[in-house]
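*Asks:* Pasting a structure below so you can have a look.
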Amino acid sequence: MPNYETLDWSLSDGVATITLNRPRAGNALTMQMGQELMDASICCDDNPEVRAVVLTGAGKMFCVGADLKQFPPAGPKMASEIKLLTTWLHAAISRFVRMDAPLICAINGTAAGAGMSLALIGDIALVAASARFKMAYSRLALTPDCAATYYLPRLVGFRRAFELYVTNRILSAAEAEAWGLINQVVPDDALLSEAQALAAQLASGPAQAIGATKRLFHSAWTESLESQMAQETRAITNAARCPEAVEGFEAFFEKREPNFS
């Protein structure tokens, strides 16, 4: 079981829960947290017992972005520090997105800057009713990172994504749901239990098929129709060879629930 200083990591019944754990600082991202998130992503990807992952924040906020107090003043030294931090964070995001286990973001409170970007990477996003979203980059004359420019336009369209960046408007949980930014708004006190219940449900599913489907959905944004269908043929053929499919078909014909675990 990994032991971190800026994160909590736990595993129960196939569900790994990662909690950003700097509540007094709004779970602001530091260099150490970036490194630990990357390590946590590797632990989730490499551990066959991890079949679903929940990412959330401790306290009243999900993540307010990078901890600006830990950076040198704007200029070449800050640029080098940002490059290093984004290297850790981007490696973590890539691993979370490509792993078989589905990632559920349970967004409590404010998600701003890189915190909002992290909130976008989940395969499913549940949001507390009190949660708020804010890009926050343009106020500092910075551009987005942590895959925001990849996910945000795909989720809400170019115009809304650009509006959020240039105006720094605060988006409520209800607005985020209406825009298609997230899946569901839940009561604040039910957020984590709802996320873990959903994760438990997904953890009981066919892990390899779910992971392959995640990757298919991502490749669909860059492939042509014909090349995407070729990817589908390869994926479903590989899936048909797996023990998961054997169990799925046997359960179907025996009229019982499949046991993929």
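*Asks:* Restricting the search to region 1-47, which residues are open to solvent by 10 Å² or more (accessible area, probe 1.4 Å), under 19 Å from V97 (Cα atoms) and not in a strand (DSSP E or B)?
*Replies:* Across region 1-47, the qualifying residues are G14, Q35, E36, M38, D39, I42, C43, D45, D46, N47.
*Asks:* Which ones in region 196-207 are buried (at least 16 other Cβ atoms within 10 Å of the Cβ), among the polar types (S, T, N, Q) and part of a helix (DSSP H, G or I)?
*Replies:* The one that is buried (at least 16 other Cβ atoms within 10 Å of the Cβ), among the polar types (S, T, N, Q) and part of a helix (DSSP H, G or I): Q196.
*Asks:* Look through N259, N183 and report the one residue that is in contact with a helix residue (DSSP H, G or I) (Cβ under 7 Å, 6 or more places away or on another chain) and in contact (Cβ under 8 Å) with a residue 12 or more places away in the chain.
*Replies:* After ruling out the rest, the residue left standing is N259.
*Asks:* In contact with a His (Cβ under 8 Å, 6 or more places away or on another chain) and over 14 Å from I107 (Cβ atoms): which single residue out of A200, A178, A147, A207 fits that description?
*Replies:* It is A147.
*Asks:* What pairs can you find where one residue is in region 136-152 and open to solvent by 90 Å² or more (accessible area, probe 1.4 Å), the other is among the β-branched types (V, I, T) and not in a helix (DSSP H, G or I), and their Cβ atoms are less than 9 Å apart, with a gap of 6+ or different chains?
*Replies:* T149/T143
*Asks:* Ok, one more. Quick check, is S193 open to solvent by less than 40 Å² (accessible area, probe 1.4 Å) and either outside any helix (DSSP H, G or I) or more than 26 Å from V156 (Cβ to Cβ) (or both)?
*Replies:* Judged against the criteria, S193 is not a match.
*Asks:* When region 30-63 is examined, which residues are found to be touching a helix residue (DSSP H, G or I) at 6+ places or on another chain (Cβ under 7 Å) and farther than 21 Å from L126 by Cβ?
*Replies:* T30, M31, G34, Q35, M38, I42, D45
*Asks:* Six or more apart or on different chains, Cβ under 8 Å: which pairs go from a residue in region 4-31 that's under 12 Å from V53 (Cβ atoms) and in contact (Cβ under 8 Å) with a residue 60 or more places away in the chain to one that's in a loop (DSSP other than H, G, I, E, B) and of a type in the set (K, R)? Could you list them?
*Replies:* G14/R51; V15/R51
*Asks:* Residues that are touching a strand residue (DSSP E or B) at 6+ places or on another chain (Cβ under 7 Å) and of a type outside the set (D, E, K, R): which strands (runs of 3 or more DSSP E) entirely in region 64-147 hold 2 or more of them?
*Replies:* Once the strands (runs of 3 or more DSSP E) in region 64-147 are filtered for at least 2 residues that are touching a strand residue (DSSP E or B) at 6+ places or on another chain (Cβ under 7 Å) and of a type outside the set (D, E, K, R), what remains is 103-107, 110-112, 124-128.
*Asks:* Looking only at region 243-261, count every residue that is among the small types (G, A, S) and open to solvent by 100 Å² or more (accessible area, probe 1.4 Å) and tell me the total.
*Replies:* Total meeting the criteria: 1.
*Asks:* Is it the case that M78 is modelled with pLDDT under 95 and closer than 25 Å to E194 by Cβ?
*Replies:* no
The values are calculated or read from the model by the stated rules, or taken from the named source; none is laboratory data. The structure presented is a predicted model; accordingly, all values stated were derived computationally and were not measured. Positions of Cβ are backbone-derived with ideal geometry, glycine not excepted, and every protein chain shown enters the neighbour counts. Accessible surface areas use protein heavy atoms only, side chains included; no ligands, DNA or RNA. Shrake-Rupley method; radii C 1.70, N 1.55, O 1.52, S 1.80 Å.
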